[in-house]
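The values are calculated or read from the model by the stated rules, or taken from the named source; none is laboratory data. On a predicted model such as this, the values are computed, not experimentally measured, just so you know. Neighbour counts are summed over all protein chains in view; Cβ atoms, including those assigned to glycine, are modelled from backbone coordinates with ideal geometry.
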Amino acid sequence: MYCNDYADETVATIASEQQRIVLTRDRALLQRKIIRYGYFVRADIPKIQIKEVLKKFGLFHLIKPLTRCTHCNGKLLETHKKEIEHRLQPLTRKHYDKFLVCTACEQIYWQGSHCTRVQRLIDEFVQC
Ligand SMILES: [Zn+2]
């Protein structure tokens, strides 16, 4: 489950138990002995941090836009409009036909104007 306000001890425990890599700008956190894999992110601007981490770990080929929920990181699956149209606002129901639903939190997604911005941002990362 995604959370951006874990205590340092919780981050260290999760990283240790799940063999995860801790990405942080907190040197004290990385010095905890329980953390086996860690990386100090040098950039302090989020867009540049993303590029730095993608490059450091060679992750560019793993970018799969619009496959995970931005709220909880659950997987998104296509759904039929009829199954979720009772949850849509009238203009969304009128103008869109293709929808994705988060398998974890049931958030609904559609190809609105934000998708163009997201795709532009991803294109920017991929061109590094
Ligand atoms: Zn979700």
Legend entry - Cβ pairs under 6 Å, 6+ apart, first in segment 10-38 and without any contact (Cβ under 8 Å) to a residue 40 or more places away in the chain, second assigned to a helix (DSSP H, G or I) and hydroxyl-bearing (Ser, Thr, Tyr): ILE34/SER16
Legend entry - Residue that is farthest from LEU121 (Cα to Cα) [pool: residues in segment 67-78 that are within 13 Å of the ligand (Cβ to nearest atom) and touching a Leu at 6+ places or on another chain (Cβ under 7 Å)]: LEU77
Legend entry - Conditions (1) assigned by TED's automatic domain parsing to the domain that holds THR116; (2) closer than 23 Å to ASP123 by Cα; number of the one not met by THR92: (2)
Legend entry - Looking only at segment 34-48, and only at residues there that are outside any loop (DSSP other than H, G, I, E, B) and farther than 25 Å from CYS102 by Cβ, the one that is nearest to the chain's Cα centre (by Cα): ILE48
Inset, instruction - For residues that are within 28 Å of TYR39 (Cβ to Cβ) and not in a helix (DSSP H, G or I), tally how many sit in segment 51-81. - result: 16
Inset, instruction - Return only the number of the condition from (1) assigned to a helix (DSSP H, G or I); (2) modelled with pLDDT of 95 or more; (3) out of contact with any strand residue (DSSP E or B) (no Cβ under 7 Å at 6 or more places or on another chain) that ILE84 does not satisfy. - result: (3)
Inset, instruction - Please list, ordered by first then second residue, the pairs with beta carbon atoms under 8 Å, 6 or more apart or interchain, first in segment 59-82 and closer than 22 Å to ILE21 by Cα, second modelled with pLDDT under 90 and of a type in the set (S, T, N, Q). - result: PRO65/GLN119
Inset, instruction - Find the residue count for segment 88-103, including only residues that are within 14 Å of the ligand (Cβ to nearest atom) and surrounded by fewer than 15 Cβ atoms within 10 Å (Cβ to Cβ). - result: 1
